[in-house]
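Asker: I am attaching a structure below and will ask some questions about it afterwards.
Please treat every number below as a calculation from the coordinates, not as lab data. Not measured: the values here are computed from a predicted model. Virtual Cβ from ideal backbone geometry, glycine too; neighbours counted across all protein chains shown.
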Amino acid sequence: GTLLVLNGPNLNLLGTREPGIYGSATLSDVEQVTTAAAEAVGFSITCLQSNHEGVLIDAIHAARGTAVGIIINAGAYTHTSVALRDAIASVEIPTVEVHISNVHKREEFRHHSYLSPVCSAVIVGAGVHGYALAVSALANSLA
Ligand code: DQA
């Protein structure tokens with residue numbers, strides 16, 4: 001099966017964006033590590049990054065019939081988007097929410113996620129290794 005890896009706004013800037021918070025790995029590094037983790041347990045990967053909410057929603061809809069699981073770091077849309085939450089709830093594909101930083105140690109507005117109640121697991125604060133943990137969680141639940 002295929003896992004869809006979605007990264008939201010500003011994550012294209014990983015590596016140079018606030019490295020004290022997000023580290024030095026680039027988006028390309030993240031996608032390579034996630035792909036390797038998935039292939040090691042027999043899954044293939046489709047990766048998409050977008051700064052646009054509607055593009056992420058379209059990708060979630062398109063995952064129906066093509067992906068068996070979704071890994072999503074929705075960036076700041078996590079804290080604002082009822083539309084992304086409704087998209088995840090609509091497709092009924094197991095979805096793992098990832099945040100590189102520990103959002104609970106940060107500003108109050110990052111403590112609430114619209115997505116968590118419709119996700120099967122949430123991985124927060126493990127750095128970019130969180131994406132590999134998300135693969136592991138999905139592989140385990142899909143086995
Ligand atoms: C983030 C945390 C969000 O609060 C922030 O807006 C991001 C990245 C993370 O991976 O830690 O863009 O999702």
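Asker: Within the stretch 40-61, can one find any residue that is charged (D, E, K, R) and in contact with a Cys (Cβ under 8 Å, 6 or more places away or on another chain)?
Answerer: The answer is no, given that none of the residues of the stretch 40-61 is charged (D, E, K, R) and in contact with a Cys (Cβ under 8 Å, 6 or more places away or on another chain).
Asker: Anything in the stretch 15-35 that is touching a residue at least 60 places away in the same chain (Cβ under 8 Å) and farther than 15 Å from Ala126 by Cα? List them, or say none.
Answerer: Asp29
Asker: For residues in the stretch 127-143 being more than 15 Å from the ligand (Cβ to nearest atom), assigned to a helix (DSSP H, G or I) and aliphatic (A, V, I, L, M), which is farthest from Gly8 (Cα to Cα)?
Answerer: Of everything passing the filter in the stretch 127-143, Leu142 is farthest from Gly8 (Cα to Cα).
A quick yes/no check of all residues on (1) over 13 Å from the mean Cα position of the chain (by Cα); (2) not hydrophobic (A, V, I, L, M, F, W, C):
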site: Glu97; (1), (2): no, yes
site: Val103; (1), (2): yes, no
site: Glu108; (1), (2): yes, yes
site: Cys119; (1), (2): no, no
site: Val122; (1), (2): no, no
site: Gly127; (1), (2): no, yes
site: Tyr131; (1), (2): no, yes
site: Val135; (1), (2): no, no
site: Leu138; (1), (2): no, no
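Asker: Output the residues belonging to the stretch 52-85 that are over 22 Å from Ser136 (Cα atoms) and touching a helix residue (DSSP H, G or I) at 6+ places or on another chain (Cβ under 7 Å).
Answerer: Passing the criteria: Glu53, Leu56, Ile57, His61, Tyr77, His79, Ser81, Ala83, Leu84, Arg85.
Asker: Still on this model: Could you figure out which of (1) on the phi > 0 side of the Ramachandran plot; (2) small (Gly, Ala, Ser); (3) away from the ligand (no atom under 16 Å from the Cβ) isn't true of Gly75?
Answerer: Checking Gly75 against (1) on the phi > 0 side of the Ramachandran plot; (2) small (Gly, Ala, Ser); (3) away from the ligand (no atom under 16 Å from the Cβ), the one that fails is (3).
Asker: Right, next: Got a number for residues in the stretch 79-126 being near the ligand (Cβ under 10 Å from one of its atoms) and among the aromatic types (Phe, Trp, Tyr)?
Answerer: Residues that pass the stated criteria total 1.
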